[in-house]
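For reference, the structure discussed in these notes is given below.
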Amino acid sequence: MKKIILYLSVITASGLLMVTVYNSMIDARVWSADIPRSVEAARIYYSHIDPRTFFQFIAPLNQLLVLLLIILFWKDQRLRLYFSLSFFLYALIFLLTLYYFVPRDVLIFSLTSKATAAEMKEALMQWQVVNPVRSLLGLAGIFFTCRGIHHYYVHKRA
């Protein structure tokens, strides 16, 4: 069961990372291509399905899995450290998303937003600058989880 949770944690974190990388490389460029028309197209698209739903489900699942890893491997100080660092980074991503990205998302994508084209451009520019930071934090979290997996297997054999 421990191994399943280990790998599920890496899978969920990797999925989250890849979505944020995709958002930076593809979506953000499309959103800012022809403001306000490009934003209006995104608003219409997102009125049918909200991609934040993915994050609202997978991000807490990822944090829960890492928290379970901390509990399951509590006796091993190094594993506890690696998984705690991952948990801290994922919590930091959550806070960054909640307090930095969500207000910009609402300003940009909400159908009821009365933002001007200049405000949308500014919010999108800020979003594009900080999203790679969020991705790097996710990559660092995955790194620490993988270090934990490596440590687990090295010491399991010993």
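None of the figures in this text is laboratory data; all of them are computed from the coordinates on show. Remember, predicted model here, so these are calculated numbers, not experimental data. Please note: Cβ atoms are built from the backbone with ideal geometry, for glycine as well, and neighbour counts cover all protein chains shown.
Pick from Gln63, Gln126, Gln77 the residue whose mean-square fluctuation is largest in a GNM of the chain, springs joining Cα atoms under 10 Å.
Comparing Gln63, Gln126, Gln77 in a Gaussian network model of the chain, the most mobile one is Gln77.
Roughly how tilted is helix 2-22, in degrees to the nearest 10 and between 0 and 90, from the longest Cα axis of the chain?
In the chain, helix 2-22 runs at an angle near 20 degrees to the longest axis.
Tilt of helix 117-157 relative to the longest C-alpha principal axis of the chain, in degrees (0 to 90, nearest 10)?
10 degrees
By how many degrees, 0 to 90 and rounded to 10, does the Cα axis of helix 77-96 deviate from the longest principal axis of the chain?
Tilt of helix 77-96: around 10 degrees.
Mind checking the dipole of the chain: about its Cα centre, +1 per Lys or Arg Cβ, -1 per Asp or Glu Cβ, Debye to the nearest 20?
In debye, rounded to 20, the chain gives about 800.
Which aspartates and glutamates, if any, have their Cα less than 20 Å from the Cα of Lys2, not counting same-chain residues under 8 positions apart?
Within reach: Asp76.
Can you show me the helix-derived [θ] at 222 nm for the chain, built from DSSP H runs with n ≥ 4 at -39,500 (n - 2.57) apiece and divided by the number of residues, rounded to the nearest 500.
Rounded to the nearest 500, it is -27500 deg cm²/dmol.
Could you give the C-alpha radius of gyration of the chain expressed as a fraction of 2.2 N^0.38 Å, taking N as the number of residues it contains?
Cα Rg divided by the expected 2.2 N^0.38 Å: 1.21.
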